[in-house]
1. Please list, or write none, the lysines whose alpha carbon is within less than 26 Å of the alpha carbon of residue 52, excluding same-chain residues fewer than 8 places away.
2. Sorted from largest down, give the three principal axis spans of the alpha carbons of the chain, whole angstrom values.
3. If I take R0 = 22 Å and measure r between the Cβ atoms of residue 203 and residue 93 in this structure, what FRET efficiency does the formula 1/(1 + (r/R0)^6) give, to the nearest 0.05?
4. Give the shape of the stretch 80-172 as rounded, prolate or oblate, defined through the alpha-carbon gyration tensor: a ≥ b ≥ c are the square roots of its eigenvalues, a/c under 1.5 means rounded, and otherwise the shape is prolate if a/b is larger than b/c and oblate if not.
5. When a/c reaches 1.5 or more, the comparison of a/b and b/c decides; with that in mind, is the stretch 4-132 rounded, prolate or oblate per its Cα gyration tensor?
6. Find the Rg to Rh ratio for the stretch 139-230, where Rh is the Kirkwood radius over alpha-carbon pairs and Rg uses the same atoms.
7. Give the residue list of trypsin sites (Lys or Arg not before Pro) in the stretch 136-183 that are DSSP loop and have at most 16 other beta-carbon atoms within 10 angstrom.
8. Please rank 151, 49, fewest neighbouring Cβ atoms within 10 Å first, as an exposure proxy.
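All of the numbers you see were taken from the coordinates with simple rules; none came from a lab. Here the structure is a predicted model, which means the values were calculated and not measured. Heads up, the Cβs are rebuilt from the backbone with ideal geometry, glycines too, and the neighbour counts pull from every protein chain shown.
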Amino acid sequence: MPDRETTTVLIVEDEPDLREILRYNLEREGFKVIESEDGEAGLALLRKHLPKIVLLDIMLPGMDGVEICRSIKYDPQTRSIPVIMVTARGDESDIVLGLGVGADDYIIKPFSPRELVARIKAVLRRAMVRHESSADERIVRDRLVIDPPRHELRVDGKKIDLTPTEFRLISVLASRPGRVFTRDQLITRVLGDEVVVTERNVDVHVRSVRKKLGEARELVETIRGIGYRFREDAEEE
């Protein structure tokens, strides 16, 4: 993980008492904290300071957390910044929605400051491993070209916009055509084993990727009762 003295955390939370608690505990751990009480101002701070990680409430005045996360993950300048949703909304549908727009983790109120710090460190470790990974060579499979350094997927030369989670998912599958990955394996490889999610989250991400692939969706195959694989006979170039 980066040196915590240089690690800036952006808190976007409209509850002053909770912001104060979060700031106190994070600063005690050596993080630098910037904060906002509403969505639009938080997004402006993000673009100005480019923090290492964002703690984002869902229920915010103005832009809500889902809109903000979607904006972060579709902007090439900010899409690599990890986002942890911090919210009282703990229904599975809310978690699926948050992960679906690109959130890297989801923590439900109330939580202990110790748990939050541990989750932040885990997400930052995963982000650093992805950044430093030597697996930066392009993956060319059939009609798909996956370019990790550019965080780009192209189908028949057309760029496809993916969330970071969706990009990691298709990269993992395409890197080993023919190999069947269980949902548990994909959770570990794509989301990280520190994240508490259900297997249904993986299905949601796969459906989203297939939709975006269009006519190339058949390259991602479902293995009933087990998981998913990238089609084995996809031509490698």
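1. Residue 52 reaches 32, 73, 109, 121.
2. 56, 33, 31
3. Working: r = 13 Å, r/R0 = 0.61.
Rounded to the nearest 0.05, the efficiency is 0.95.
4. Oblate is the answer for the stretch 80-172, as a/c is 1.5 or above yet b/c matches or exceeds a/b.
5. rounded
6. So for the stretch 139-230, dividing Rg by the Kirkwood Rh gives 0.93.
7. Passing both the DSSP loop test and the Cβ count: 138, 179.
8. Ranked by crowding around the Cβ, least crowded first: 49, 151.
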